[in-house]
Amino acid sequence: MSEAFVPKRWWVSPLIFTVALITATVIVCKVSETAREVLAKAVMMIAGAMATPFILESTIAIVGLVIVVALNQWRLQKEGDGWVYLAQTEPDAASLEAGAETPAKRLEGVILTHAPDARIDLDARLGIAEGFLELGLKQEALEHLNLLSEAEQKEPRAKAVRAKVEA
């Protein structure tokens, strides 16, 4: 995935343009009485139109949505995407036969700060690739399948998942 380069001070150009526009408007209004009257009428008409019930609520909702999305993007840039790995708390079949019980809070996942060990069993790793595929993330599923060893890639289930990805 390629990311676009965004300069650190991307906001300088819009700020200069806005300041220049406001300065030009103020100068024109000070010099010309007609421009002052036209601007006053335009502002009053826009304010009147914006104050109508449907437009006012819609505008506030859209501005609020833009603020929430902008703050979320800023937070994501600052903190990262928040990707976590959840550990499975279900005991395996052998443990169940030995008398192990399902944990009482099995639905409360354990959050791992690092990716689990790559040596986890094949079924779990194929399950991860299938999960990516179900989410429509074919590239991620393919990358995960490419991490399998040659012997693991020859397994029938691995071949079936790869066929789904490449379809």
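The values are calculated or read from the model by the stated rules, or taken from the named source; none is laboratory data. Just so you know, these numbers come straight off a predicted model, no measurement behind them. For neighbour counting, all protein chains shown are included, and Cβ atoms are generated from backbone atoms with ideal geometry for every residue, glycine included. Heads up: the accessible areas ignore ligands, DNA and RNA and are worked out on the full protein's heavy atoms, side chains in. Shrake-Rupley method; radii C 1.70, N 1.55, O 1.52, S 1.80 Å.
In whole Hz, what ³J(HN,Hα) sequence does the range 59-73 give by Karplus (6.51, -1.76, 1.60; θ = phi - 60°), x for Gly and Pro?
4, 5, 5, 5, 4, x, 5, 4, 5, 5, 5, 5, 5, 5, 5
Can you compute the FRET efficiency between Q139 and D81 using 1/(1 + (r/R0)^6), with r the Cβ-Cβ distance and R0 = 22 Å? Round to the nearest 0.05.
The value I calculate is 0.85.
Mind grabbing the accessible area of M44 for me, 1.4 Å probe, Å², rounded to tens?
Here the residue's solvent-accessible area equals roughly 130 Å².
Could you work out how much longer the chain between A124 and A47 gets when fully extended? Use 0.36 nm per residue separation minus the Cα distance between them, nm to one decimal. Write down the numbers at each step before the final one.
Working: separation 77, 0.36 × 77 = 27.72 nm, distance 6.00 nm.
Full-extension gain reported as 21.7 nm.
To the nearest 20 debye, what charge dipole does the range 1-74 have about its Cα centre, counting +1 at the Cβ of each Lys and Arg and -1 at the Cβ of each Asp and Glu? Walk me through the numbers before you get to the answer.
On the way: 5 positive and 4 negative charges, 48 e Å.
It comes to approximately 240 debye.
Using only C-alpha positions, report the orientation-averaged shadow area of the convex hull of the range 12-79, nm², one decimal. Before the final figure, lay out each step's value.
Values: hull surface 25.0 nm².
Taking a quarter of the hull surface, the average projection is 6.2 nm².
What full-extension length gain, to one decimal in nm, is calculated for K164 and A98 as 0.36 nm per residue of separation minus the Cα-Cα distance?
Values: separation 66, 0.36 × 66 = 23.76 nm, distance 3.73 nm.
Length gained between K164 and A98: 20.0 nm.
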